[in-house]
Each structure stands twice: as C-alpha cells, then as structure tokens.
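The values are calculated or read from the model by the stated rules, or taken from the named source; none is laboratory data. The model shown is predicted, which means the values in this text are computed figures rather than measured ones. Glycine gets a Cβ as well: all are built from the backbone with ideal geometry, and neighbour counts include every protein chain shown. Just so you know, the surface numbers come from the protein's heavy atoms only, side chains and all, with ligands and any DNA or RNA stripped out. Shrake-Rupley method; radii C 1.70, N 1.55, O 1.52, S 1.80 Å.
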Amino acid sequence: MKHHQITGKTSLVGLIGWPVSHSLSPRMHNVAFAEIEADFAYVPLPVQPENVEQALKGLAALNFVGANVTVPHKQAVMRYMDELSDAAQITGAVNTIHIQAGKYYGYNTDAHGFIKGMEEVGCSAKGMRVAVLGAGGAARAVVFALARAETDSIVVFNRTAERAAFLVDDLADAFPDISLKFEVLAADTLAGLDNAVDLVVNTTSLGMHPHIDTSPWPVDVPVPRSTIFYDLVYNPIETVFLRQARAAGLKTIDGLGMLVHQGAFAFEKWTGRPAPVEAMRQACMSGLALERG
Ligand code: ATR
C-alpha cells in the first residue's frame, strides 16, 4: 500500500457518525488519496447526536474540505446545508458534504453508487420492472435512483407496510410518470410477482453480518425466472439472498460496487479529480478480509 505523509498543507475530510469505528470509508479514501498522490487525509469524526450542530459548524472553522455522514446523522445534518442536490432533497438524507468558500453543499451519493454498481456489470435500469425489498434510508436512495433512471415500475415490499406507503407517497410526487406501489414483505406477496419482474433489490439488513444466515427472500418461494438479484449488503459479499438466486441460475450483483461508487462520487467532489475506483475496491476488499480475521 502506498503511504501518504500528512503535513501542514494536507487537506482534511472526515466521517461524521456514531459510531464510526466499523466503517470502511477511512481506509477506502486514504488508499485512494495515496494512489493518485492527492494531498488529503480522511479521519474518523465520532459525533454524539447532541453535538451535531457544533460538529457541523466546526468543519468549516477547522478548514475541512468536506465530510461523509453516516448513521444516525444523515437527516440531522440537512438543516445546516446551504444547498442540497436533488438526490439529497428527494431522499431526505445527506451522506456527503463539500465545503467551498464557507458554504456547505449536501449530496446523497448512494443513488449514483447504486446505478454505477449495475452499470459496471452491464445492466441498465431503464424500462425495468423492479421489486425493492425494504423501505428504510437505503431503499429511498434506490427508489430515487431507479425512478431517475427511467425504470418502468417499482413495487416496494416492507415488513412494516406503513413505512413503504410513506416512501412511495413521498417519491410519487417527484416521479409522476413511474408506476410506484407498495406491498407488505411476505411469502404470498413475493410469490405474487410471478416472473413479472426484471430486478429484485435487497435494501434490508437481512443477511448482513452478524445475521448472515437470514434472507429477505423466503426459502419456500421460488425465485422469479430471468430476474437479476441485487443485494446492497457487502458484508458478507456473498449473502444467502444472492446464493438463492445463483442456485437458480440467475444473474446477481453484490453491494461492493455501490459502496465503492458512492465513495468515488464524494472523492471526486472533494479532490476535483477522477477517483481510482479499482484501488478503492481493493481497499474495501482487504478491509473486509481483515475484519473477518
Ligand atoms: P437503512 O437506512 O440501512 O435502510 P433502516 O432505515 O433501519 O436502515 O431500514 C432497515 C430496513 O430493513 C427496513 O425496511 C426494515 O423493515 P421495517 O421498516 O419493517 O423495520 C428492514 N428490516 C430490518 N430487519 C428486518 C427483519 N428482521 N425482517 C424484515 N425486514 C427487516
């Protein structure tokens, strides 16, 4: 791994969240800065919820170039932004901040990362009929991304139907031309898809470490034919959900590409230079391997 010396001239970015200790982002970005010899450093910034305002104002005071924002602060930081991207505004969450001349620009780079994760394996969302499993923050970014990419239709399946209804209601205004519906996440509703779906996306935490034996797709429901299964989970890279699809001969997309590309978008905002995507991917893979011990 290339090493970067921090000096008095180094530009700073960081990760605001609580907790931040398990994030792969510091490793991914520092490897990327070293790779292209950008004089930047990325530091963890653990911020308790009651200190969000002070922390946000402190970024400009400390001459930070920007930050990533993670759980639980993605909504709370919005009110301190001078400008919001469409993605941040419509999804109601900011995961990337860029500070220029004291002004705070808020972005949500997950939607971009999600689409790039598909494109890099040769898939286009345009015209697709999609089932999105889950209705949390990640699902919002995915539904926004799919709608912007001109999918044909989206059905949001969630354990808590009210939350899915709320999401659909929120995004329907921004995308009046796309068929957006919701269902409760259950064996009978998923069975009802009956092959009339091109893409199934898991945005729930089912299958994620440490609950690696779980899947949002019930074992007794056959997977639809000619469908792509896309899992946002990247730890582990091969989830039960993706294994179910592969066992039936379906194409699958794991969550690593989205992780890398959401980071690449932020990297390019901060540095103004193309992100070294392959170095970032390797950094994430080695970080995950280290975690597994
Ligand atoms: P994120 O911001 O990562 O999307 P989140 O907002 O906490 O995280 O959303 C988690 C999603 O996983 C939700 O859709 C949640 O369903 P509920 O809205 O019903 O809570 C879903 N989820 C988590 N655990 C689940 C489980 N055991 N069974 C089904 N869905 C689950």
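Given the criterion surrounded by fewer than 22 Cβ atoms within 10 Å (Cβ to Cβ), part of a helix (DSSP H, G or I) and not hydrophobic (A, V, I, L, M, F, W, C), identify the matching residue among Q244, Q262.
The match here is Q244.
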ask   = What single numbered condition from (1) part of a helix (DSSP H, G or I); (2) within 12 Å of the chain's Cα centre (by Cα) fails to hold for A93?
value = (1)
remark   = The one condition V221 fails out of (1) in a loop (DSSP other than H, G, I, E, B); (2) more than 23 Å from Y107 (Cα to Cα); (3) in contact (Cβ under 8 Å) with a residue 40 or more places away in the chain is (3)
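Report yes if some residue within the stretch 40-57 is under 17 Å from the mean Cα position of the chain (by Cα) and part of a loop (DSSP other than H, G, I, E, B); otherwise report no.
So far as the stretch 40-57 goes, no, none of its residues is under 17 Å from the mean Cα position of the chain (by Cα) and part of a loop (DSSP other than H, G, I, E, B).
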request  = Can you tell me which residue among A266, A186 is touching a strand residue (DSSP E or B) at 6+ places or on another chain (Cβ under 9 Å), more than 14 Å from the ligand (Cβ to nearest atom) and among the small types (G, A, S)?
outcome  = A266
query = If a residue has to be open to solvent by less than 60 Å² (accessible area, probe 1.4 Å) and within 16 Å of the ligand (Cβ to nearest atom) to count, how many in the stretch 210-235 make the cut?
reply = 11
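Do we find that S286 is farther than 22 Å from S124 by Cβ, within 14 Å of the ligand (Cβ to nearest atom) and not acidic (D, E) in this structure? Reasoning before the result, please.
On the way: farther than 22 Å from S124 by Cβ: yes; within 14 Å of the ligand (Cβ to nearest atom): no; not acidic (D, E): yes.
No, not satisfied.
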Which listed residue is open to solvent by 50 Å² or more (accessible area, probe 1.4 Å) and in contact with a strand residue (DSSP E or B) (Cβ under 9 Å, 6 or more places away or on another chain), from V121, V130, V142, V94 = V121
Given (1) more than 20 Å from the chain's Cα centre (by Cα); (2) buried (at least 16 other Cβ atoms within 10 Å of the Cβ); (3) not hydroxyl-bearing (S, T, Y), index of the condition N202 fails = (1)
query = Among V71, V132, V143, which is the only one that is part of a strand (DSSP E or B) and within 12 Å of the ligand (Cβ to nearest atom)?
reply = V132
ask   = Which ones in the stretch 108-118 are open to solvent by 10 Å² or more (accessible area, probe 1.4 Å) and over 13 Å from L199 (Cα atoms)?
value = N108, D110, H112, K116
ask   = If the Cβ limit is 9 Å and pairs must be 6+ apart or interchain, which residue in the stretch 1-15 that is among the basic types (K, R) and at pLDDT below 95 pairs with which residue that is open to solvent by 90 Å² or more (accessible area, probe 1.4 Å) and not in a loop (DSSP other than H, G, I, E, B)?
value = none
